[in-house]
Amino acid sequence: MSANSSFLTSTIGKKYLMALTAIVWSLFVMVHMIGNMLIVVGAEAYNNYSHALTSNPMIYLIEAFLVAVLLFHAVTGLTLVVRNSRTKPKFYSVTPMREKSASIASRTMIYTGTATLAFVIWHLITFKFGPTYFVTYNGVEMRDIYKLVIEKFHEPLYVAGYAVVMILIGFHLFHGVQSIFQTLGISHPRYNKFFKFFGYTYAVVVAAGFISQPLFVFFAR
Amino acid sequence: MKSKSSNTHMTLHLKVWRQKGPHAEGKLCDYELEGVNPDMSFLEMLDILNQKLILKGEEPVAFEHDCREGICGSCSMVIDGNPHGPQKSTTACQLHMRHYRDGQTIVIEPFRAKAFPVMKDLVVDRSAFDRVIQSGGYISVNTGSSPDGNALPIAKEKADLAFDAATCIGCGACVAACRNGAAMLFVSAKVSQLALLPQGQAERSERVAKMVYQMDAEDFGACTNMGSCAGACPKDISLENIARLNREFMRSMVSGRKSYPRGDGANEGSPA
């Protein structure tokens, strides 16, 4: 058995894969959240930003990469969950206490992760493959994604569902981001508190940022 | 601390996991135990229960114990869902009944993990740990006269970290606490202890690979960084050891030999 294949089939190797793919999507959601903040600036800024991204030919490569990474993360995660359900066949009749227990975020990664995957599909159907409006700025015709977003973010049920999913994604990141450091072996007594703080803050910023946008549109646009 | 007189005896309601053998069905059985002295250790309380069971002609509760001073790692039970009981940094034998109150119900179960099958009542088979150690948790040395003192300089920080890792008593509470039944804290302590010291360098790459493969072969789970292992550890082994294990494993994959024989626990002799 070659070193690589044994590395990838080992539990630690799989965790490395989880962490590396997690970095890609953690960065993606942060950038996506910051970019979407242009909704506050206005229709032209938002549409120009969207047009700049989608008109770049590299977009297909990047999209394919993101989808592949997400599916890889999901499948690897699933194999670990299946293994772990086999290696812990029975739980205790009493729930453990304090530091001998595990946090809600860490225990529910498979559920928050599944919800995230379902949301990504729903999200693409709603926006990327949703109704296409057009608008022209300075002679350039482009998709008026702003109009669609404003429409969607005025549906109370959509906004509520969106907020709930963002909270679930926040939970996923809350355990996930700080966990990346530990899995990759980036650990030092002097900096570990910072890594945890960074991971928790990252999760809160992404979730709060994404939730603020539909709320802003719903109440102020 | 509450100052309870030693004469105040308690009555406890115990729910103890009883299982006749490895393949038998087990269940929680109720026992009422009177006359428990708050100064007793948890294991002494179980001794009293067993004496009463024996006098009644019943089978005593099987549980493992040896030193009863918190250093051997033999005691292995889960008390109200907590490996070694609710106290932090404490083995079950060092848990005292003064932490309980009269009339309290206590649920006592064996360690639960696929790699630790229940043999009887509260006794589990932890030989999977032995096989992980046999696969690489040692150093090969040429025996002879003892080396000169200070012939091998070791930095204070490294010595401290290695010693912290070496305090692992191999009790398996980390596996019992883990919702995945993972043995990462144990393996990481054993790998760290040797990887940090000069004596462990010769087999460094080979050791971590072999121990991790053996760990996987023994059906321990995968780590999800929940951290309950470190919380349950009676010796306070730090999660930093798991990060070091991850690092050492990657280092071994990048710089080590192309492949290592997988998990039969045998000593393969000279390192790469």
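Computed values, structure above
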| quantity | calculated |
| --- | --- |
| Sum of -39500 (n - 2.57) over DSSP H runs of 4+, divided by residues of chain A (222 nm, nearest 500) | -24500 deg cm²/dmol |
| 0 to 90° range, to nearest 10: angle between helix A:11-36 axis and chain A longest Cα axis | 20 |
| Distance from region B:76-104 to region B:165-206 (C-alpha centre basis), Å | 25 |
| 5 Å binning of all Cα-Cα separations within chain B, expressed as whole percents from 0 upward | 1, 6, 11, 15, 16, 14, 11, 9, 7, 5, 3, 2, 0, 0 |
| Chain B, helix-only ellipticity at 222 nm - DSSP H runs n ≥ 4, -39,500 (n - 2.57), divided by all residues, nearest 500 | -9500 deg cm²/dmol |
| Inter-chain Cβ neighbour average for residues A:182-194, partner chain, 10 Å | 4 |
| Principal semi-axes in Å for region B:127-255 [√(5λ), Cα gyration tensor, largest first] | 25, 16, 14 |
| Mean projected area (nm²) of the alpha-carbon convex hull when the protein assembly as shown is viewed from all directions | 31.1 |
| Fewest-first sequence of B:R68, B:R244, A:R190, A:R98 by Cβ atoms within 10 Å of each Cβ | A:R190, A:R98, B:R68, B:R244 |
| Region B:1-79 shape via C-alpha gyration tensor axes, a/c threshold 1.5 | oblate |
| Euclidean distance between Cα centres, region A:141-164 to region A:190-215, Å | 24 |
| Inter-chain Cβ neighbour average for residues A:172-178, partner chain, 10 Å | 1 |
| Within the protein assembly as shown: Cβ-based charge dipole about Cα centre, in debye rounded to nearest 20 (Lys, Arg +1; Asp, Glu -1) | 440 |
| Relative contact order of region B:10-120, pairs being alpha-carbon contacts under 8 Å that are 6 or more residues apart, as % | 34 |
| Average beta carbon contacts from partner chains per residue of B:213-221, 10 Å cutoff | 4 |
| Range of Cα positions in chain A per principal axis (Å), largest first | 61, 43, 36 |
| In degrees, nearest ten, helix B:204-217 long axis to first principal axis of chain B (Cα) | 40 |
| Inter-site label distance for A:I125 and A:I104 at 7 Å from Cα along Cβ, in nm | 2.8 |
| Net charge of Cβ neighbours under 15 Å - reference B:E240; Lys, Arg +1; Asp, Glu -1 | +3 |
| Average Cα contact separation per residue, chain B, under 8 Å, 6 or more apart, as relative contact order % | 19 |
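No value in this document is a laboratory result; all are computed from the given coordinates. Predicted, not measured: the structure shown is a model, and the values here were computed from it. Note that each Cβ is placed from the backbone with ideal geometry, even for glycine, and that neighbours are counted across all protein chains shown.
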